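A short worksheet on the structure shown next.
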Amino acid sequence: MERCEAYGFSGAMSGAFLLSCLLFAAISRRQRGPYMDEVFHVPQAQAYCHGRFLQWDPMITTLPGLYLVSVGVVKPAAWLLGWTGSVVCSVGMLRFINLLFSAGNFYLLYLLLFKIHQKNKAVSGFQRILSTLILAMFPTLYFFTFLYYTDPGSVFFTLFAYLMCLYGNHKTSALLGFCGFMFRQTNIVWTVFCAGNVVAEKLNEAWKTELQKKKEEKISSKKGSFSDLTRILQFLIKYLISAKNLLTLTALTWPYIILVTVFFVFVFVNGGIVVGDRSSHEACLHFPQLFYFLSFTVFFSFPHLLTPTKIRKFLLSLRKHPVQYSLITVISVFLIWKFTYVHKYLLADNRHYTFYVWRKVFQRHELVKYVLVPFYIFAGWTFTDTLKSKSIFWILMYFACILAVTVPQKLLEFRYFILPFLIYRLNIPFPSMYRQLLELAFYVVVNAVTFYLFLNRTFRWENSDEIQRFMW
């Protein structure tokens, strides 16, 4: 990092942290007690603070990573600073843990952008800092910086594991992946993603060698035509049935294999992936979740994905491959028809934005979910088109991870899209300065509206005296 860029990064990180501290103070004043899922997380962490490690709230569905880290930070800090009494593990102190995680996420996002795009010499230090600031303020993640939720810590350990993977420190990466798993069990998918990065790199090397052997004209492994895809899949099968190749890949990815094995042992012993309240978190094949994620990504990346150039290219592709798009349309309609699920929380909890999205859009008419299919197809096309700088093996592996982390979820919950979105946004080519500034302005507006609604537009339910607030 050059000195000028280092100063700029330090200034941006310090400014972002100061702004977060001011917001943290405002939110803590307005909402002093636990809110929403905090009513489960805070008492559990306080039980750990008092040494009651065998106490467990059966309504909690995740492993105790958040509480263990909280105790590991708060207790030494209390001892050093002489804190005593209820302040040690108060709601505010526990929430502050996520503020620390958000600072760590800021630094990790910068390091990941630097590593992933290090070969692109056209990218300036200012662009890297600006992109880091944008991703650190990603609204769905940024909001939960100020509440005692698992999301900031989950993102921190997953991004850290991804960074170590890119630097080839696979044992460290797997260890950090285990920490991420302790925050949220579905993070095991991103451990597979880290292993998949290694496998995709080896496959890409072998694919290029295969083309050179045949002395064919160089065909980019980044093209998306169906003929190229069929050819690559044939190569993939041939490569993976080789015992020698499998041994090589196993030798490279064994730390991740051990962690995935531990995960399957946990699922077998636990009787499922969910720790506590399983009745509300049943796994199913909810394929439209992929469509919701793509729509979510287009919404938050519209400066890059929803452009006149992209639309023209899509219409040209549509005209060029009508049969293929017709087949995709039929499959999409079938998946929506047979595999759409509506969770009871989605219909009942009017504190979440998803409640209003579902009621205002999907519940207007039975046919709305089918009418949106053309937009879903465009979203999938433009999403894939922005990743064309990556190898086809990386794209296939990434899409497999997206399916694994979204489709089994019955509940439409924007928090589940945070990590797949961040990994997508980190890996697309650097956009122009204008598009970055537009994206930043959009995030600032969305965050401002969200915090305004949370703090000022409170309401009460008929059967409760508690103040309710709007949130993601």
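The angle between the Cα long axis of helix 308-320 and the main principal axis of the chain comes to about 50°, on a 0 to 90 degree scale. By its C-alpha gyration tensor, with a ≥ b ≥ c as the square roots of the eigenvalues, how is the range 283-431 shaped: rounded for a/c under 1.5, else prolate for a/b larger than b/c, else oblate? Here the range 283-431 falls in the prolate category. Rounded to the nearest 10 degrees, the angle from helix 38-49 to the longest Cα principal axis of the chain is 70 degrees. Measuring against 18 Å, Cα to Cα, the residue pairs Lys344/Lys410; Lys119/Lys390; Lys119/Lys213 contain Lys119/Lys213 as the ones spanning a longer distance.
Taken per residue, the accessible surface of the chain reaches 48 Å², heavy atoms only and a 1.4 Å probe. Which label marks the calculated value of semi-axes √(5λ) of the Cα gyration tensor in Å, given the options [x] 37, 33, 20; [y] 39, 26, 20; [z] 37, 27, 24? The value matching this structure is [z]. Nearest 10 degrees, 0 to 90: what angle lies between the long axis of helix 433-456 and the longest principal axis of the chain (Cα atoms)? Value to nearest ten degrees: 30. No disulfide-compatible partner, judged by a Cβ distance under 4.7 Å, exists for the following cysteines of the chain: Cys4, Cys21, Cys179, Cys284, Cys401. The stretch between Phe53 and Ala283 holds 79.9 nm of extra length on full extension. This uses 0.36 nm per residue minus the Cα-Cα distance.
The charge dipole of the chain, taken about the Cα centre with unit charges on the Cβ atoms of Lys, Arg (+1) and Asp, Glu (-1), comes to about 1320 debye, rounded to the nearest 20. Using the Cβ of Asp37 as centre and a radius below 15 Å, the other residues enclosed give a net charge of -2, where K and R count +1 and D and E count -1. Only DSSP H runs of four or more residues enter the estimate; each adds -39500 (n - 2.57), and after division by the residues of the chain the mean residue ellipticity at 222 nm equals -22500 deg cm²/dmol.
Applying both filters, DSSP loop and at most 11 other Cβ atoms within 10 Å, to the trypsin sites (Lys or Arg not before Pro) of the range 411-472 gives Arg457. Sorting the segments 255-265, 48-58 by their residues' average number of neighbouring beta-carbon atoms within 10 angstrom, most packed first, yields 255-265, 48-58. Would any residue of the range 13-54 have its amide N under 19 Å from a label point 7 Å out along Cα→Cβ of Ala348? List them or say none. Inside the label zone: 35-41. If contacts are Cα pairs under 8 angstrom and at least 6 residues apart, what is the relative contact order of the chain in percent? With pairs under 8 Å counted, the relative contact order is 19 percent.
Extension gain, Leu211 to Tyr7, is 68.8 nm, computed as 0.36 nm per intervening residue step minus the present C-alpha separation. Evaluate the relative contact order of the range 428-472 (contact order divided by residue number), counting alpha-carbon pairs under 8 angstrom at least 6 apart; express in whole percent. Once normalised by length, the contact order is 28 percent. Taking all protein chains as present, what is the carbon and sulfur share of the accessible area of the chain, in % to the nearest whole number, probe 1.4 Å? Carbon-and-sulfur percentage of accessible area, whole number: 66. Multiplying the residue separation of Thr248 and Lys360 by 0.36 nm and removing their Cα-Cα distance gives an extension gain of 35.1 nm.
The values are calculated or read from the model by the stated rules, or taken from the named source; none is laboratory data. Being a predicted model, the structure only gives us computed values, none of them experimental. Quick reminder, even Gly has a Cβ in these numbers, built from the backbone with ideal geometry, and neighbours come from all protein chains shown. To get the accessible areas, we keep the full protein, side chains included, count just its heavy atoms, and leave off ligands, DNA and RNA. Shrake-Rupley method; radii C 1.70, N 1.55, O 1.52, S 1.80 Å.
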